[in-house]
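Below you'll find the structure, written out as structure tokens, and then a few comments.
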Amino acid sequence: MDEAAPKAVLTVKRGNILVVTINRPEARNAVNAAVHVGLGEALEQAEHDPEIRVVILTGAGDQAFCAGADLKALSRGERLTPESKEQRAWGFAGVVRHPISKPMIAAVNGFALGGGTELALACDLVVAANHAQFGLPEVKRGIYAAAGGAFRITQQLPVKVAMEILLTGEPFSAHRALELGFANRVVPLDQLMDTATDLANRIAVNAPLSVQASKRIAMGIVEGQIASDDAFWEANNREGATVMRSEDAKEGPRAFAEKRTPVWQAQ
């Protein structure tokens, strides 16, 4: 590995806030193994450092928060998950099955489709730039929102609205996210980090143990796990075993790459 290559994930402590940045703007901040490890380790750092009271997760650049899994890296034969079983257990991007007691704010600096939306779903609060877009387009590709999106979207939005987002695969804007309660703030890009930091500081001034206990109670976190999610993850894996072996799961990405309408076979 080129030691001069930029780190895939950057972390900066700003007082009691840890700012974590996916640093792959050339790949639209898509997730590869390095991002998975970097984000997962950042959450571990935050959880075990008593000085850190809030985490802000964002992406480098002004185009993409996170484009989901790095399919180009996958096509080159690269792993998107680390070899460590313990690190793989953190879930997609080292985040979606890695609940921590410290509050997490997603500062969404651009489009966040697929895995990007699933990262936002895994955070406690969302501040979005006004040009950001969210969505779970997996059904348009013959796959499914496997990183928690398929069940978290219905937990966090009105069910009928969530089902429309999940089943149509169509995107929704930052302003629509605000209307739905998916985003806490929507601001111009040049105000994004200041707004997220202000919100983080309003949390950080409170008693840390009280904040962390409140989050654990609200989210059902016990010993770093959310037990109520177990049945959803089991269903996620069970359904995924069928979907991902299907011909449609091959046809969707192929049609997308060839810029044509997919021909579904339902098999």
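Read-outs: derived from the displayed coordinates by stated rules, not from any lab. Owing to the predicted nature of the structure, the values given are computational and were not obtained by experimental measurement. With ideal geometry, Cβ positions are generated from the backbone for all residues, glycine too; neighbour counts draw on all protein chains shown.
For ILE17, which sequence-distant residues (separation of 5 or more, or a different chain) have an amide H within less than 5 Å of its own amide H, given hydrogens modelled in the peptide plane?
Here the answer is ARG53, since their amide H atoms fall under 5 Å of that of ILE17.
Pairs of alpha-carbon atoms within less than 8 angstrom and 6+ residues apart define the contacts here; what relative contact order does the chain have, in percent?
So the answer I get is 17 percent.
Obtain the radius of gyration and the Kirkwood radius of the range 162-243 from its C-alpha atoms and give Rg over Rh.
Looking at the range 162-243, the ratio lands at 1.07.
List the relative contact order of the range 109-220 as a percent without decimals, with contacts defined as Cα pairs under 8 Å and 6+ residues apart.
Normalised by residue count, the contact order of the range 109-220 is 30 percent.
Calculate the all-directions average of the projected area of the range 152-191's alpha-carbon convex hull, and give it in nm².
It is 3.0 nm².
Just the Cα atoms of the range 88-127: what Rg and Dmax do they give in Å?
Rg and Dmax of the range 88-127, Cα atoms, are 10.0, 28 Å.
Quick check: convex hull over the Cα atoms of the range 124-267, volume per residue in Å³, rounded to an integer?
138
Over all alpha-carbon pairs of the range 6-63, lay out the pair-distance distribution in 5 Å bins, whole %, shortest bin first.
With 5 Å bins starting at 0, P(r) equals 4, 21, 30, 22, 15, 7, 1.
If I take the Cα coordinates of the range 32-105 and project them onto the principal axes, what are the three extents in Å, biggest first?
Sorted largest first, the three principal extents are 40, 33, 15 Å.
Show me the ranking of peptides 166-174, 49-57, 256-264 by mean Cβ neighbours inside 10 Å, starting with the highest.
49-57, 166-174, 256-264
Helix 230-243 sits at what angle to the longest principal axis of the chain, using alpha carbons and giving 0 to 90 degrees rounded to 10?
Long axis of 230-243 versus the principal axis of the chain: about 30 degrees.
May I ask for the Rg/Rh ratio of the range 63-185, computed from Cα atoms with Rh as the Kirkwood radius, given to two decimals?
Looking at the range 63-185, the ratio lands at 0.96.
Students often get this wrong, so check it: of LYS7/LYS215; LYS7/LYS72; LYS160/LYS259; LYS140/LYS215; LYS140/LYS259; LYS72/LYS140, which have C-alpha atoms separated by over 23 Å?
Among LYS7/LYS215; LYS7/LYS72; LYS160/LYS259; LYS140/LYS215; LYS140/LYS259; LYS72/LYS140, the Cα-Cα distance tops 23 Å for LYS7/LYS215; LYS160/LYS259; LYS140/LYS215.
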